[in-house]
Amino acid sequence: MQVGIAGYHGSGKTTVFNCLTGAEAATGYGGGREANRGVIKVPDERIDALSVIYKPKKTTHANISFVDLPGPADGGDGSGSGIDAHTAGELRKMDALVHVVRGYGEEHGMAPHGGKVDPAQNLSDFDAELGLLDVMVVDGRIERLKREGKKTRELEVLSELHGKMEDGEKPARLLELDDQTRSVLSGFELLSLKPQLVLLSLPDETDAAEADQLDQQLRALAMPRGIEVMSLRPNIEQEIGQLPPEDQATFLEDLGLSETARARFIRSCYAMLDLISFVTVGEDEVRAWTIKKGTVALKAAGKIHSDLERGFIRAETVAYDDFIALGKMSKARDAGKLRLEGKDYVVQDGDIINVRFNV
């Protein structure tokens, strides 16, 4: 899974990137124009617990790739200068977008060009730019199909979409699209169709009441647009994330938090993308596999290896909580908790699965 971190210059997106990945990428206006990239493993106590039981040669957590992309300059009034073609191309490769908006201004020496900081305006402007870029892509394809004289289903779908998007004012994520339409659109990687999280970047000294007020203001604007919201104090939370786990709880409690920034962010991304994890176990490896919620056993087997999907017979399945309560697979079988499921079984989060197959 690739998550693109985007936003206007000075929004604090590279600081957020560093907080989440533990990297030390240059921040501020001297931070360069190249994308920063990092991969982190997804914290999962279930994988850790199963590794203690099985003592495998290898433990593999799921992972997320973060890409911190150079953003358009903010003219101070929230107007923005536009997302360039290279950055737009990079954004289209992402599975989800995180738009960082800053909740601090001139008093923190961070308002570009002496401009006013307005998180809500930044959210509106950036989302509108994504929609406009999509309309331009759709326009270009429609014109090409018309020149070729092709009256196809694709032309029909794109023409209808163009009208509904109202020149970019209505993002594609808000439209009611059937499966056939989504199939036609899949190759275009529309930016306003991608899941989006707005991340409010706050200074260290922001108290809980102020942070909650800003958060609620953004949510009121974001929710009707189909956008999730999360707030973060990246500098201090990065420092907390570098502490030993046993020392983190006290500092997090002082901030009114129960989890680290990384854990909260990953949970938000999984929810936004409708993802869950299932697990395979053994002496060689304990491993988490990430799939879409609603994935059936046959397709989950293919996630492990194409041979398992091709020769699928049954999936031996036990819920994580049932296995932990019993402690051994043999006890789970004796208790009737280890089930044989067919190809249409919908995999649940935390399922421990062994695929029976024959190729």
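Details
- Qualifying trypsin sites (Lys or Arg not before Pro) for the stretch 290-350 [loop in DSSP, other Cβ within 10 Å: at most 11]: 328
- Approximate spin-label separation residue 304-residue 139, in nm, with each point projected 7 Å along Cα-to-Cβ: 5.0
- Label-to-label distance, residue 359 versus residue 340, with points set 7 angstrom from Cα along the beta-carbon direction: 2.3 nm.
- The mean sequence distance of close C-alpha pairs (under 8 Å, at least 6 residues apart), as a share of the length of the chain, puts its relative contact order at 17 percent.
- GluC sites (Glu not before Pro) within the stretch 281-312, DSSP loop, no more than 15 other Cβ atoms inside 10 Å: 283
- Label selected from (i) 51, 35, 18; (ii) 38, 31, 16; (iii) 46, 22, 17, the criterion being semi-axes √(5λ) of the Cα gyration tensor in Å as computed here: (ii)
Where a number appears in this text, it was derived from the coordinates with a stated rule and is not lab data. Fair warning: this is a prediction, and the values are worked out from it, not measured in the lab. When we count neighbours, we look across all protein chains shown, and the Cβ atoms used for this are built from the backbone with ideal geometry, even at glycine.
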